[in-house]
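Asker: One structure, as structure tokens, below. Some questions next.
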Ligand code: AHR
């Protein structure tokens, strides 16, 4: 098998933004995932009766009642509250509201947790005792007393300092009162330390895993989550900004209520913390249950919403929405280059997308000619700047399709592979999937002159029972631990070693389940040779680099391999399949390399 790269012939320029991230609220990606909030259903949302994830526990001989009140909450956005009444204490009794968290409340030894709640009372209750308590022993791992002040709605803050000896998540949050009277609660919150200690911020382990992928962008906020099942359940960005108490929350299309604690600004701050760019997807008038907005007059308010959203992201503080962003705590505008109009509009049976895209395109380009506008399916009304293609396939299907973009018209729209994944393995993909991914990535990399961006999806899954709505997700976690799938490590390898020069490459010999791509990084002179052997046998390869004067003998090599396609990582065994670093000492402008069975290899050659 010979792979020959022609650096002596005209080369193409690779997109610097090829590797990025796509997420949405699916599989408890934000609530119960990236978003640091530990209290589940903090706003006492109920679509039936009672408030899920909360219960009332009377202690001793106490007599107590609890009820969700659907009006009179702390704000117009949050009309609900939970009324806890302690009628009588008996001897030393009390009444508590307990929250089970997102499959537990994770507590680490000697950490400080920051909490708050809105409360109003009848004036008799006095103090609320807040604690995180172990489910089995009932031991309080951290606690604080909060004295209520007056009777009207007010936000109270508290801190819990853990004196737990070990980390654990089998805990719950307790709010208890010991004097007869009534207290109403809303927006009960508890945060652990977050990434870079950002208030209302993100889970550090997941941020670190994303940073290690060396992404360049985040496609946000979806996916189906952008559209919602119904128009009124779309990601209505104006309802996701400002103080939490003014965010009404909304039902996402994956079967659960979203807190919207991760609102538009939090998405943008996430990109800022990872030093990447947002790819802003704007709602374009189609929701999943076949509801659409007719192009023309009906669509105008949605187009205006998108223009306002772009101004919120990029406008300076002299603009209306730039000023709003500054009021929300972020005066500096965010960088933006790509805007996506909708999501997967090929599902819209009304076939209205062509005209909807055109309407958005003309309005956005008139005000912001500098941005590139992505269409979610081909349109004929206007030439889109970029088309978003999605692929969910088996490894064998990807193997058969690695040349998909080799002949794509270079004068047509550019390509964004905004969602793709090899769907083998659950909840997270196995090594066979990683091979499918790596094969597909060689094809994307070889064509990254036309493929400007690509993002695997979905990124996250909470692996607890009931946490997953979509199988094969890149990173898995529970409340306390997280792990990365073999596919994740394939992403890290491709994201870390992405050159800017693509030579024409010829492959000869037995190409069965063997894939490769070669790029060069001009800045450092490194050449990255990626070899994917998806067979169960070792495969010798001759690599020839035409037009390269000198290659150092010693090269660094990263290899990800496994004995079987089913090999995988889990929460219990997170390091079963990991990349291994080694040195190769016989590199040159032509060299032989034997790839291991079932392996993904990146050889980093030094040319200066
Ligand atoms: O990634 C899961 C879903 O797949 C996305 O929400 C949607 O865009 C696609 O159909």
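Asker: For the range 225-329, just say rounded, prolate or oblate: build the C-alpha gyration tensor, square-root its eigenvalues into a ≥ b ≥ c, call rounded for a/c under 1.5, and beyond that prolate if a/b exceeds b/c, oblate if not. Could you put the intermediate results ahead of the total?
Answerer: Values: a/c = 1.81, a/b = 1.29, b/c = 1.40.
Taking the square roots of the gyration eigenvalues as a ≥ b ≥ c, the range 225-329 is oblate.
Asker: Please report, in whole Å³, the volume per residue of the convex hull around the C-alpha atoms of the range 526-583.
Answerer: Normalising the Cα hull of the range 526-583 by residue number yields 107 Å³.
Asker: With the cut-off at 1.5 for a/c, could you classify the range 152-287 from its C-alpha gyration tensor as rounded, prolate or oblate?
Answerer: Because a/c hits 1.5 or more and a/b fails to exceed b/c, the range 152-287 counts as oblate.
Asker: Hey, another quick one. How far is the Cα center of the range 333-385 from the Cα center of the range 71-138, in Å?
Answerer: Taking the Cα centre of the range 71-138 as reference, the centre of the range 333-385 is 46 Å away.
Asker: Any idea what angle helix 300-314 forms with the longest principal axis of the chain, computed on alpha-carbon atoms, 0 to 90 degrees, nearest 10?
Answerer: Tilt of helix 300-314: around 80 degrees.
Asker: As a test, work out the antiparallel percent of DSSP beta bridges whose residues both lie in the chain, rounded to the nearest 5.
Answerer: 70
Asker: Can you tell me the alpha carbon radius of gyration of the range 285-346 divided by the globular rule-of-thumb value 2.2 N^0.38 Å?
Answerer: Against the empirical 2.2 N^0.38 Å value, I get 1.35 for the range 285-346.
Asker: So if I take the alpha carbon set of the chain, get Rg, then get Rh from the Kirkwood formula, what is the Rg over Rh ratio?
Answerer: A ratio of 1.02.
Asker: Determine the calculated [θ] at 222 nm for the chain from helices alone, applying -39500 (n - 2.57) to every DSSP H run no shorter than 4 residues and normalising by the residue count; nearest 500 deg cm²/dmol.
Answerer: -4500 deg cm²/dmol
Asker: Would you work out the relative contact order for the chain, in percent, from Cα pairs under 8 angstrom that are 6 or more residues apart?
Answerer: The normalised contact order for the chain reaches 16 percent.
Asker: Moving to a separate point now. Could you tell me whether the range 54-160 comes out rounded, prolate or oblate from its Cα gyration tensor? Rule is a ≥ b ≥ c as square roots of the eigenvalues, rounded for a/c under 1.5, then prolate if a/b exceeds b/c, otherwise oblate.
Answerer: Judged from the Cα gyration tensor, the range 54-160 comes out oblate (a/c at least 1.5, b/c at or above a/b).
Asker: Rounded to the nearest 5, what % of DSSP beta bridges with both residues in the range 149-306 are antiparallel?
Answerer: That works out to approximately 50 percent antiparallel.
Asker: Further question on the same structure: Mind pulling the angle between the C-alpha long axis of helix 486-496 and the longest principal axis of the chain? Nearest 10 degrees, somewhere in 0 to 90.
Answerer: Taking the Cα atoms of the chain, the angle to 486-496 is about 70 degrees.
Asker: If you fit an axis through the alpha-carbon atoms of helix 431-446 and take the longest principal axis of the Cα set of the chain, what angle between them do you get, 0 to 90°, nearest 10?
Answerer: Value to nearest ten degrees: 60.
We did not get these values from a lab; they are worked out from the coordinates using the rules stated. Everything numeric here is computed off the predicted structure, so don't read it as measured data.
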